[in-house]
Structure formats: C-alpha cells, structure tokens
1. Show log10 I(q)/I(0) for the stretch A:116-170 at q = 0.21, 0.24, 0.26, 0.30 Å⁻¹, two decimals, from a solvent-free Debye sum over equal Cα scatterers.
2. Provide the convex hull volume over Cα atoms per residue for the stretch C:164-371, in Å³.
3. Report Rg(Cα)/(2.2 N^0.38 Å) for the stretch C:159-211, keeping two decimals.
4. Quick one: which residues, 5+ away or cross-chain, put their amide H under 5 Å from the amide H of residue A:214? H built at 1.01 Å from N.
5. How big is chain B in terms of Cα radius of gyration and Dmax, in angstroms?
6. Kindly provide the Kirkwood hydrodynamic radius of the protein assembly as shown in Å, to one decimal, from all pairs of distinct alpha carbon atoms.
7. Let me know the Kirkwood hydrodynamic radius for the stretch C:28-168, please, with Cα pairs as the basis and the value in Å to one decimal.
8. In nm², what is the average projected area of the convex hull enclosing the Cα atoms of the stretch C:247-369?
Amino acid sequence: MIRLEQVRRAFNGREAVAGVDLSVARGAFCALIGKSGSGKSTLLRMINRLVEPDSGRVLFEDADVRSLAPEQLRRRIGYVIQSVGLFPHWSVARNIAAVPALLQWDRPMIAARVRELMALFDLDPALAKASPASLSGGQAQRVGVARALAADPDLLLMDEPFGALDPVTRATLQTELLRIQRETGKTIVFVTHDMDEALKLATQVVVLERGRVVQDTTPDAMLANPADDLVRDLLGREDRGLRRLALRPVRSALRPGEDPSAPTIPADSDCRAALSRMAELAVSTLTVTAPDGARLGLVHLSDLVAG
Amino acid sequence: MTSLLRPCVWLVLLLAASFGMTSLRPLFAALFPTLERPVYLQEGFAALLLAHLELVAVSGVLAGIIGIAIGVAVTRPWGAAYRGLAETLSAAGQTFPPVAVLAIAVPSMGFGPQPAVLALLLYGLLPVVQNTIAGLTQVPPAVLDAATGLGFSPFRRLWRVELPLAAPLILTGLRVSVIITIGTAALASTVGVTTLGSPILLGLSAENTAYVLQGAVLIGLLALAVDAMFDAALTLFFAGAGRPAGGTS
Amino acid sequence: MRLRPPDPVLLPLVVALGMVPLGLAFVTVARNRLVTGRPMPLWHAAQGPEAILSLAGLALLLLAALKRGPWLAILSGVLVMGGLGWIAGDVAQLQAISQPAARVSLGGGFWLMQALAALCLVEAARQTGRAGKALATLLVAAATASLMMSGTLDDLSLLREYANRRDVLGPALLRHIEIVTLAVAPTVLIGVPLGVACYRREAIGRLVLPTLGVVQTIPSIALFGLMLAPLAALATWQPALARIGISGVGMAPAVLALLLYSLLPIASNTQAGLASVPDSVRDAARGIGMTRGQIFWQVEAQLAFPALLAGLRITIVQATGLAAVAALIGAGGLGAIMFDGLFTGALDLALLGAIPVIGLAVTADLLLRLVTPRATDRAPS
C-alpha cells in the first residue's frame, strides 16, 4: 500500500528523517513509535505530502506521491491529529461532511454518510447540529476520526490521536478503532509514544530513533527479540514477559479437561489476565468459559509460562 | 538599551522643537512668504508645552490613581457588587467621542481649566478602570489559590501577586488614557485653556498656516515621545505587552 | 423572616441623587442668550404636579434600592428622569411668559441628577438582563419623545437653539455621516488586504503595523494641522487639484486623515483575526485536502470575520468622533455647530452639536454589535 524508499528530510540543518525505508501492507495497522524528535510525525506527514522529502521516494499504491496533486492525494487519505482540529465555525455534521463536500458528492449521499458514521462511532444523532466547542474530548476525537473516514479512504494516517485523552476514554477509543479497522479492513499508520497503545493496536511496530528505523517487526517478535537497549527500554525491562502474555489469547493455551474446583475465566481474555487471576486466587488451573457459560477446557500455569 | 533609544530621540526632538521653534523664523518665512508673522509669539512654545504637560499630568496622575483604585476595589469581595456597573460604564463610556465629552462638560460646569481637567480626568479613567479589571481578573485562579494557601494576607496577595501580574495591562490602559488626554487637552484651547492647541486654533482662525504647523508638530512630537516612553517601560519591565489598538482624539 | 440587605449599588446612588440639589444649581436663568445666568435651586424650580411626580419617583427608587426590586428601579428611575425634565421645561415656560428674551439653561445639578438616575437604570437593567435592558431603553425613549412632542421642553435654551438651527442641523448630520463614510469605505478596501498581507508575510506586518500605530498616536488636531500645509501647497502647485476639492481645508484633508487613522484598527484586527485561527485547524484543513483558496475562504476568513467586524466597529466609532474635530479645518458636520457654540460662549449650541455626535457614535456601536456574532453563539449550519 505504502512504500518509502530512502527518504530524508532536514529542518534547519538537523535531519529529522535520515534515510528511512518502510513498507506497509494493505490492511496492516502500523504503529510508528519513538521519543519526541525521533522523526515519527515527519515521516507520517510525508505520506500525504504535508512535508516533502529532500530526497527519496514515497509510493502510495505504487504511484510516486509527487506525481499526484497534493489536495487530490489528501482527499484519498484520512488524517487525524492529536489536537483534532475540528472547524469551530461548523457543526459536527458539517465537519464530518468536509471531505465528501470537497469531493462534491450530492447532498443526500453526504447526509446518509454522516448518519452512518455517527452511528458507527456511537455518537448521539442529536449532536449533529452541535458546535464542536460543546463536545467532550472523547466526542471531539470520535468526530475527528469520523471526518477522516468520511470519504471512505483506504488509508488512515493518525498522529497521536488519543494522546490528549484520559486513560478510560483512550482505552474505549482504542477498542473502537480496532473494531472499526477489523470491520472495514482499512490500512492505518499510527504515530504514538505509548508502547502499550502500539502493542495493543498494531500488527506492525516500527521503532524510530533520530530519524532512523531501529526495528520494524510484529509486536510478538519485538517482545521476543528487542533489537537494542532503546527498544528494550521502550518495551519496559521488567514487564516484557507480561506484555508478551497480553498479546496471546487464553484460547491459545487451552487444553482439554475438566476440573470442578478450578475458578473460571472468559475465553476472550488474554494470557496476562489469566496469570493475574491465578496469582490473585492462588491457583494454578483455570476453567475457560464461552460467553454462554459452556466450559471449553482448562488453562495451566505451566502452559502460560512455557509460551 | 535600544528600547530606550526611541523615546530619547522623540524627547530630544520635542525639546529642540519647543525651544528652537522661534529661531526657525527664516525657514517659516521662506516656506510661507505671504505671512507677516510666520512664527507664533503670543506665548513661548516651551511655556505652552509646560502648560499642556501640566494639564495632562494632573488629569493623568489622578486618572491613574483613581482608576486603579476603582479597578482594585471592584475586584475585591467587598466591592464585587460594583464590578458589573464599572465594566459596563468603562466600556460604554469609551464609545463617547472625547471631544464631545469636553463639549458637554464645559457647558454644564463652566469655562476654564477646572472643567477641562475634570472632563479629561473622567474620560481618562475609563481605559484605566477597564484594563485594571481585565488585568486583575486574568490572573490565573491557581496562582491566587497558591498564594492564599502559602499564607499570604489579602493585602499582601494583592500587592505581591495580583498587581505585579496585572501591571502590563494596567500600564497599557494608562498609556491609552494619557495619549487620548494629550490630544483632547489640545482641544481644550477651544474653551479658553492655554495649551499646545492654542497656536493651531489661532492659526486656523487667522489663516496662518505656519502657526498651525508649529502647534501640530509639537503636539505630534509630544504624543510620540510619551507613547515611546510607555513602550520602553513595557519592554523593559515586562518584555513587551503589545501596543493598544485604542483610539486618540 | 430574614430581611435582605438593601442593594449595595443602588442605595448609595439613590442617596447621592437625593443630595445633589443641596449643592448644585438645577437650572440657570439668564436675561438673554449671551449673559451668564443666575443659578436656581431645585426647590425653587419644582412646582405643580411634576414636582410630586419626581418626588414619588425618588421615593419609589429608594424603596427599590432597599427592597432589591430592579424592575421597580427601572420604572421609578425613568419617572425621576422624566419628572426632572418636566420641571426644567416648566421653569422655562414660566420665564418665557414674563421675559421672552430670558434663557433657561440646564444646570450642573440637572445633569448630575440625570446621570445618577441613568446609572441606577444601567445597574438595574444589568441585574434584570436582556429584557430589563430593552424595557429601560424603551421607557427612556418614550419619556424623551413624549416630553419633546408635548412641547414641554420647547422654551429651554437648548431647544430654542435647536429651533433656530433646525435647518442647519439636518444637513450637518448628513455631512458628518458623509465624512465618516468617505473615510471608512476606502479604508476597508485597503485595510483588509493590508491585514491579510501583514498576516501572510511577517516582515510586512512588522513594518506596516508599527507605522500605522505611529499615525494613531498623533492626536487628530495635530494630524489635521500637519496635512494642512502640504495639501494647500499641492493645491497651489496644481490648480486642477483644487478644482476637484483638494485643498488644505475642507473635506479632503479631513477624509484623508480619517482614512489614515482608520487603517490601523481594520488592518490589525484582520491580521489578529487570521492569526487567532488555531494551527491545528489549519493543519487539519490541509490534511483533509483543502486547497489554499479553500482554506482561506472556508476556514480562515470565516473564523477571522468577527474580529474584522470588531475592527470596523472601533473604526466607525472613532471616525465619528474625529470627524467632529475635523470641523476645525472646515470640513463641516456636527462639529461645526459644536465649535461654533464653544467659541461664541453659546453653551447650549455646543450641546446641540455634541449630543448628536454621541448619538451617532453610540448608534453605530450598537448596530455593529448586533450584527457581530459572538464567539460563543456562532451559529453552525
């Protein structure tokens, strides 16, 4: 879907991006992670030509982005930023309709799309006429993401979209985004400095440092084999094992059997939750249950630790 | 130190113009060959400047003291009831053109300097009150809370925390007030007060353009010098708090 | 039952209102138009039903202050204002019968009492909100109109001056509006693009805005004076210019000076309005694929519009006052009547010029405030 080839970009003589090669497959959820100043936002903004590279190529669906008019390109790519940037003089509905209006869709089609998106993001239809100033932070960012998805782009660029939200709202929106990504199959490139967020959401994690790629792999592989100390620091030295467990669903450690004395755990939990529950209840075996209450089997401490 | 350069330049020009205008007689005679008396001689320009400054200083100082006092009073808990009235009046009053205020004050209080000073003072109060209230209310509540929490008495909190934080805005209000007063004071010559406006008025009625020019140059220089001083004070003490978009008269 | 304490704002105002007549003359009575009048205290002037009306008004106002009744304060305040006007008018009528040349002018006491009563109205209207404001405005307008229409005030010196100058006042008012329009209309055409340029190129802003600031700092009378000589010289040098009205005195220098004054509020408010658009909004607009033109017209210009309107309001109010000063250089307008009165010592004539100037400025301010959308209730569509 996207390929970056040896892109470089300097600001005032300082290289923000110093020769990056990166490719993101269709349907991937790619998290760019690094400390501030690592070049992750610049890299993201090169994809929709908000920043032009000094050298190198950016390919979007195998076409060099320089061959596309910037406005046309941006209308095909959704864009979400941390400060949301809703147009304060427009209603919520008109904000969501911004790109379809730029693309000159006809009015009934726009109205239908706005209704559809508000439903998808669980926004009260009464908010359609509200002013952005009256929204809570979580609502505003829902509208921001809805605006980005309005013209049904194949690619969504997100620059720390949940960074300014409280932990509870952030977790809700993360889960919603994951659900929407799975339902629609969008390709997402996501900038964050929060490793938990990256591990929870992404299928591809790219660690950047001083404008270079340090490691580019799946979350599980990264937890198994951190490339260097920086990646180890980002992953957290002490609870790396727990984070890795969190990536595995409890179903993957399921073994057949029955133990009436073992406490239960829902089947959609992850292995870290199972381990936590064992420690809490001082047991080494749990019964895994389906949502309807059916007993699916057991999970043993030794299976969790064995990996 | 460059911030002090501008007021000094204007000030030197102002003093040079007021003491040296008379010796520029040949220049004015050449510029206006048809005029019999090309330089205003009724009073010395330095004396006019002094009279003008006196008028501005008296009303300016009083407007400053009274205006800040009103602004402080209505932002204390015991004076809060008056804050709405003070805000409404200081905002609405400024839509009244100062020259019209002068023209109304004089008939209702009589001719001469006293009603003029009173009118200048009343009008000059408005920007000071408005900016003092604005300055004191924009102090972050967290800062006030912290000061109280550290055990500052109300007076100490006002003196050490609120007024210093509000100072740039208060000074800006004073600047607007004084600049307006300089212009309006010149118009007070129409009601018989001697100011730098006197040569202009005599020049206009006697069709002596040289008088008009002489008075206008001095008033312009005075306003620019005083404004530059306020600007320098703001830059020096508060690293620049923007210039006002207020009007003059 | 706990008694509420009296209104802390209204009560002192009402007490002061009651004390004014003890110290200041209510009206002054002169033998003719040009001599100084003798002061006449309120208790000499007040006779007949209007005295009872004013006293009742004052009593009700006191009651309103004690009982915290802002609506009663509005009604009784208007009663006091109207009653005092009626008293003054009646004194003038009585004098006119005995001495037709005598002039009755409104004194310091009258003005101060009216001012204090007006303050009571402002405060009471503030406490009651929009409806109170509308009611107070309506009542004051109705009281003024009925006193004027009934002819009660006709013998006051101010109204006699009005009767004498009736045919000049209308044209002067139109001339005043003409000067302001001729100055402000081109200013908008020049100032808005200038403000946009100042915003787009910081270097232009750093050069232009301080320069315009210097112009704003120069008092109007000085600026008019400074333009007099060069324009007069220009007219002598090119008589063709003089024929189209360019000369040292008259409309031309007045309009030119007003134009220069008006550039700063328009240009700087345009610039500030554009600069107040959050970067995140601009980034989002670019990010979703708006062109530069779309970003300017659909986002930046619309968000900067209230600031621009505020600049226009400041400009018009300011120009209305400055146009009065322009009468000194022969531009005409209401200022001419005002200065005529000040120079000849006919103080009621000065009022006759000054009051409409204030009226114009306040009306312009009010109208432009009505059309300016407030940041909080910007209507989204």
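Rule-based calculations on the coordinates, nothing more; no lab input. Since this is a predicted model, take the numbers as computed values, not measurements. Note that we place each Cβ from the backbone using ideal geometry, even for glycine, and neighbour counts take in every protein chain shown.
1. -0.86, -1.07, -1.19, -1.32
2. For the stretch C:164-371, the hull spanned by Cα atoms encloses 142 Å³ per residue.
3. Compared with the compact-globule rule of thumb, the stretch C:159-211 sits at 1.95.
4. Excluding prolines and chain starts, which carry no amide H, the hits are A:207, A:208, A:209.
5. Values for chain B (Cα only, Rg and Dmax): 20.9, 75 Å.
6. About 33.6 Å for the protein assembly as shown.
7. Over the stretch C:28-168, the inverse of the mean reciprocal pair distance is 15.9 Å.
8. Hull-based average projected area comes out at 9.2 nm².
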